[in-house]
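Right, one structure below, let's go through it.
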Amino acid sequence: MKKYLLIIIGSSFSLFSAAQTTLRGQVTETGTHRPLTGVSIVIQESTAGTITDTTGRFSLKTGLTNLTLIISHVGFKPENIKIKSPFSALIEISLQPQNTALQEVVVSTGYQTLPKERATGSFTQVSNAQLNRKVSTDILSRLQDAVPGLIFNQIINGHTVNSSITIRGVSTINGNAEPLIIVDNFPYDQDITNINPNDVESITVLKDAAAASIWGSRAGNGVIVITTKKGKYNQAPKVNFNSNITFGAKPNQFYLPQMTSVDYIEIEKKLFASGYYSAAETSINKTPLSPVIELLIAKRDGTMPAGTVDAQIEALKNNDVRNDYNKYFNRVAVNQQNALSVSGGSSNQKYFVSAGYDHNLQNLVGNQYQRVTLNASNTYNLFNNKLELTTSIYYTGSNTQDNNPGTGNLGLSYQNLYPYAHLADANGNPLTIARDYRLSFAQAAQQQGLLNWSYQPLAEIGLANNHTVVTDYRINTGLTYHIIPGLNAQLLYQYGHTVNDFRNLNSQDTYYTRNQINNLTAVGSNGILTRPIPLGGILDLTTGDLINQDVRGQLNYTKDWKKNSLTAIAGAEVSDSHNTANSYRLYGYDDDHATSQAINYTSTFPRYVSSQANSVAIPNNESESDLTDRFVSYYANAGYTYDNRYTLSGSLRFDQSNLFGVNTNQKGVPLYSVGLGWNISQESFYKSSWLPYLKLRATYGYNGNIDKNLSAYTTALYNSGSSALTLQPYATVQNPPNPELRWERDNIKNLGLDFATKNNIISGTIEYYRKTGLDLIGTTPFPPSSGISTFTGNFANTFGHGLDLTINSRNIDQQFKWLTAFFISFTADKVTNYAAASLTPGSSIVDNGSYIPVVGQPLYSIYSYQWAGLNPQTGDPQGYLNGQASNNYSAIRAAATKDNIVYNGSARPTVFGAFTNTFTYKNISLSANISYRLGYYFRRHSIMYGTDNGLSSQHGDYEKRWQKPGDEAFTQVPSVPASPNSLRDYFYTWSSVLVDKADNIRLQDINLNYTFLKSKLHWLPFDSAQMYVYANNICLLWKASKSSLDPDYINGPPPSRTIAFGLKAGF
């Protein structure tokens, strides 16, 4: 009896085990072997089902021995697969894309990947094909004209903007305005040029609260998620190679309008005759003078024949120094890029290994950039696919050589270089020009034994030795343990280390070092020289060391049953960033023996130029900094979908930092989002055959931002005092204590509609958003009795809204194909509260060097004084005072208020977008991109007469100046004043006559490529190869301004036209 009982029990266990048999598999895309996330897997005989996880894997428990799996996914052909017991360890399933269906897009948030079909937030994914359409050394520039709502900012009207990239307008006033960049799941705070574009698989841009709030206090400016390439399971080794060379034209030296040599010399002659240079002639500082002034002095003093002087001056009128700039300072840029990768994998392991080398010879002669990148990642499936181990290391080593400072600072010590300068003789040998002292003084000093004091700009390029070496590496490791079907636990760790070594050696032969040594040299009565700064070179060294560590623990849950689908994550992470830097200088440096000499930094020394000149200390460049930044964060995110029709999402994050709040409960901020998605086209009442896909999305939530310059505690800036008169250390209070200091927050609402016509002929998205900036960092008036006049804290608010429209169309889809990608973005923002705004006079709003918040207007705006034309009798510029034309400039400025100055408009585009057409015939493809920027203004530069009738300005508008009554009918450039008048210059510079619309449309780039396939060319040594040509920065097609300038580049030439030739191959 006992024997039979054991048999029955054993049989029961066998039956139970059969009922609990686990079916495991992985779904990938045919051809690419890319794992597919969110694929629906249903057992036809039992209706039990699930969906694939982020690695394309799934598991199902079943008691059936023969069954049929129904596999379906958006954008792919459904498959029915019959399976018989016993099941293999891992069932491989491959899905074929449907060319006429809405293509499945998987977006990455840095915490999870999910099908865009099941997302409620605002995501834009830039695919590998889109990224590879462009050729560049860096990765971020490839996002230009590719993402709705994302714009690259230029230098605006001479002001440096506080962010290079803006996503959906301004989100802060004084805080960090750059978007957060994520690389392989973790924030990347290093130089983004360390990332090789050839190693990037895709980029996802997160734009609203539902998409970005998972990143909490750092997501206020949007998030750019970069995913690097990885290997694929069950793929034979695959080798890919990409090599290209780019040629960039020389910058146009004649782009900016410049005063002619004839006009310049005539002004010098006039000023000399009036005695303008008398003080400089007798100055104890031996003020340098131009060649024409030296010739005029020689003529006056009779040291040169008048005829000879006049002939030499007339000859100088034919010179234009810009020709020398073009010939000796600039060259055709040549950038080379090479990348090689090997990838593949088996059923339980995958790998990706790559190497890259870039070598850029820049436009400025003597400047270059070299970069080496190495990348290796491995993923292992262990213990019957229960545990997944991922390891990766990314190394970047770069060397930047900056030996050519450009032509912006070659002139006399007090003004720009005169336009008739000669930098080289007929044989190309460097020539001497005046710099800090008159040439006669420099020559006399050399006769006393001082070092050669001549300045030859062309020779300096060859003498410079200025390098920056960067070593950057990241080590990532991760463990994923599959606890039960649909539930796994992740542990991720990243270690990042970046070392920046700056080394600038000014040898004794350089003008900089000779000038430093000579400047403090003393000549004794016996002719013996005393040099406080010893002979030898001057070596400046700076080392920066940044260590980042991030640890994250996360649970991931995926469940699919009947018509329901649930995904959820929850976790916590800790990040630590330690940044140290130190700088020091060595004098008397011997590069051959690596030795230097001691320096007396505490004493002051008389200058050689004159015993009456001020005594000065030897410059001491020593400094040290040590910064630590720590975050602790907790987060959760979930999404639920019912019947492929309704989706509900939510996220919550809590960040803590010791920068904020004295009390523990004030150091953190909770940020959250909720989202809804309604797939209208799945409803039974929806019968539209021409528009088979229609989805509505709505989200609401909060993102955050941080200003690391503030703390809840009193902050002070320490100074060693080496540059102070007392040479004693001191500290400056930056901000008094603020225990109520809070994180900046952005409330974001987003409404989106996704659509596609039949056969996906036209598809697109339209989104409307509203952003409200709360508790932004600003300033407020403070009682002067406290010792400060303003106090910085959470005293500002902003509001913005906008619209993004994207349309993709397949105009012709036969052997000849024509595809169009179009997007347009509208954005508007304004300051709604700024406590210190009431203290700002109208004149400061107009002419401030950085933008001042004005309530009711965009942060970046153009303001000006109203222009009333030129005085017809004198050519003076005129404004309005009490409603009447006036040239009382001081009164106009004093009377300026926020209400009576001219608000011209936004300084940033309020409408922008791109229009890309791609034409393909068989193996040849041509793509052209047209971009546009509309709805903004810029301020032109013009002549400023100053005290020298415009010599310091050198602006070409001098030629257009008013010279006689009646000229006001065709020019708006004022006359030369009878006497120097700085207020006159000031009014003209900031008047509305110099403000133009900046709207423009440009042909940005063209890509032409031809693909060779081994299937058609059997002799080809590769499976496929592609030759391509890429031209960038081609031309302006239209601009609203009549000015000759490109409105986006008013301070210098626009980026040079480039053309790249390349070859990609794979086997």
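The values are calculated or read from the model by the stated rules, or taken from the named source; none is laboratory data. Everything numeric here is computed off the predicted structure, so don't read it as measured data. Glycine gets a Cβ as well: all are built from the backbone with ideal geometry, and neighbour counts include every protein chain shown.
Annotations
- Pairs linking a residue in segment 593-606 that is farther than 12 Å from residue 531 by Cα to a residue that is in a strand (DSSP E or B) and charged (D, E, K, R), with Cβ atoms under 8 Å and 6 or more positions apart or on different chains, are 596/590.
- Verdict on residue 614 being farther than 20 Å from residue 535 by Cα and not in a loop (DSSP other than H, G, I, E, B): no
- Residue list for segment 676-716, restricted to those being in a loop (DSSP other than H, G, I, E, B), among the polar types (S, T, N, Q) and either more than 33 Å from the chain's Cα centre (by Cα) or surrounded by 17 or more Cβ atoms within 10 Å (Cβ to Cβ) (or both): 684, 688, 689, 711
- Contact map, segment 915-937: first residue within 20 Å of residue 820 (Cβ to Cβ) and without any contact (Cβ under 8 Å) to a residue 12 or more places away in the chain, second residue buried (at least 18 other Cβ atoms within 10 Å of the Cβ) and not hydrophobic (A, V, I, L, M, F, W, C), Cβ cut-off under 7 Å, separation 6 or more or different chains; the map is empty.
- Which listed residue is surrounded by fewer than 19 Cβ atoms within 10 Å (Cβ to Cβ) and either without any contact (Cβ under 8 Å) to a residue 60 or more places away in the chain or under 30 Å from residue 982 (Cα atoms) (or both), from 809, 861, 843: 809
- Taking first residues from segment 339-366 that are among the basic types (Lys, Arg) and partners that are assigned to a loop (DSSP other than H, G, I, E, B), the Cβ contacts under 6 Å between residues at least 6 apart in sequence or on separate chains come to 350/231; 350/232; 350/233.
- Restricting attention to segment 938-952, the residues being surrounded by fewer than 21 Cβ atoms within 10 Å (Cβ to Cβ) and touching a Leu at 6+ places or on another chain (Cβ under 7 Å) number 2.
- Qualifying residue in segment 269-286 (condition: part of a helix (DSSP H, G or I), crowded, with 19+ Cβ neighbours inside 10 Å and of a type in the set (A, V, I, L, M)): no
- Pick from segment 7-44, criterion of a type outside the set (S, T, N, Q) and surrounded by fewer than 11 Cβ atoms within 10 Å (Cβ to Cβ), ranking: modelled with the highest pLDDT: 31
- Some residue of segment 955-973 being farther than 30 Å from residue 1009 by Cα, modelled with pLDDT of 95 or more and under 33 Å from the mean Cα position of the chain (by Cα): yes
- Exclusive hit being at pLDDT 95 or above, touching a strand residue (DSSP E or B) at 6+ places or on another chain (Cβ under 6 Å) and either of a type in the set (Asp, Glu) or buried (at least 18 other Cβ atoms within 10 Å of the Cβ) (or both), set 498, 510, 468, 477: 498
- Where strands (runs of 3 or more DSSP E) fall entirely within segment 171-240, those with at least 3 residues that are at pLDDT 90 or above and over 30 Å from residue 1025 (Cα atoms) are at 180-183.
- Candidate set: segment 224-240, residues that are in contact with a Leu (Cβ under 8 Å, 6 or more places away or on another chain) and crowded, with 22+ Cβ neighbours inside 10 Å; chosen: the one farthest from residue 177 (Cα to Cα): 225
- Residue check, residue 231 touching a strand residue (DSSP E or B) at 6+ places or on another chain (Cβ under 8 Å), of a type outside the set (S, T, N, Q), on the phi > 0 side of the Ramachandran plot and touching a residue at least 40 places away in the same chain (Cβ under 8 Å): no
- Unique match (being modelled with pLDDT under 95, out of contact with any helix residue (DSSP H, G or I) (no Cβ under 6 Å at 6 or more places or on another chain), over 30 Å from residue 524 (Cβ atoms) and not basic (Lys, Arg)) among 614, 644, 621, 658: 658
- Sole residue being out of contact with any Leu (no Cβ under 8 Å at 6 or more places or on another chain), of a type in the set (A, V, I, L, M) and at negative phi, chosen from 1025, 1031: 1031
- Residue within segment 534-547 that is touching a residue at least 60 places away in the same chain (Cβ under 8 Å) and over 30 Å from residue 618 (Cβ atoms) present: yes
- Qualifying residue in segment 450-465 (condition: without any contact (Cβ under 8 Å) to a residue 60 or more places away in the chain, among the acidic types (Asp, Glu) and within 30 Å of residue 584 (Cβ to Cβ)): yes
- When segment 408-419 is filtered for residues that are modelled with pLDDT of 90 or more and either under 32 Å from the mean Cα position of the chain (by Cα) or closer than 10 Å to residue 290 by Cα (or both), the ones remaining, listed by number, are 417, 418.
- Among the residues examined, residue 517 does not qualify as of a type in the set (A, V, I, L, M, F, W, C) and part of a strand (DSSP E or B).
- Identity of the residue in segment 543-568, within 28 Å of residue 477 (Cβ to Cβ) and acidic (Asp, Glu), that ends up nearest to the chain's Cα centre (by Cα): 545
- So residue 868, is it surrounded by 19 or more Cβ atoms within 10 Å (Cβ to Cβ), among the hydrophobic types (A, V, I, L, M, F, W, C) and within 25 Å of residue 1049 (Cβ to Cβ): no
- Single condition residue 252 does not satisfy, out of (1) surrounded by 19 or more Cβ atoms within 10 Å (Cβ to Cβ); (2) out of contact with any helix residue (DSSP H, G or I) (no Cβ under 8 Å at 6 or more places or on another chain): (1)
- Output for segment 894-940, where each listed residue is assigned to a loop (DSSP other than H, G, I, E, B), more than 15 Å from residue 865 (Cα to Cα) and not aromatic (Phe, Trp, Tyr): 907, 908, 909, 910, 922, 923, 935
- Residue within segment 273-287 that is in contact (Cβ under 8 Å) with a residue 60 or more places away in the chain and farther than 19 Å from residue 435 by Cα present: yes
- Picking from residues in segment 899-937 that are crowded, with 21+ Cβ neighbours inside 10 Å and of a type in the set (Lys, Arg), the one that is modelled with the highest pLDDT is 933.
- Checking residue 488 against (1) without any contact (Cβ under 8 Å) to a residue 12 or more places away in the chain; (2) touching a His at 6+ places or on another chain (Cβ under 6 Å), the condition it does not meet: (1)
- The lone criterion from (1) surrounded by fewer than 19 Cβ atoms within 10 Å (Cβ to Cβ); (2) out of contact with any Gly (no Cβ under 6 Å at 6 or more places or on another chain); (3) of a type in the set (A, V, I, L, M, F, W, C) left unmet by residue 410 is number (1).
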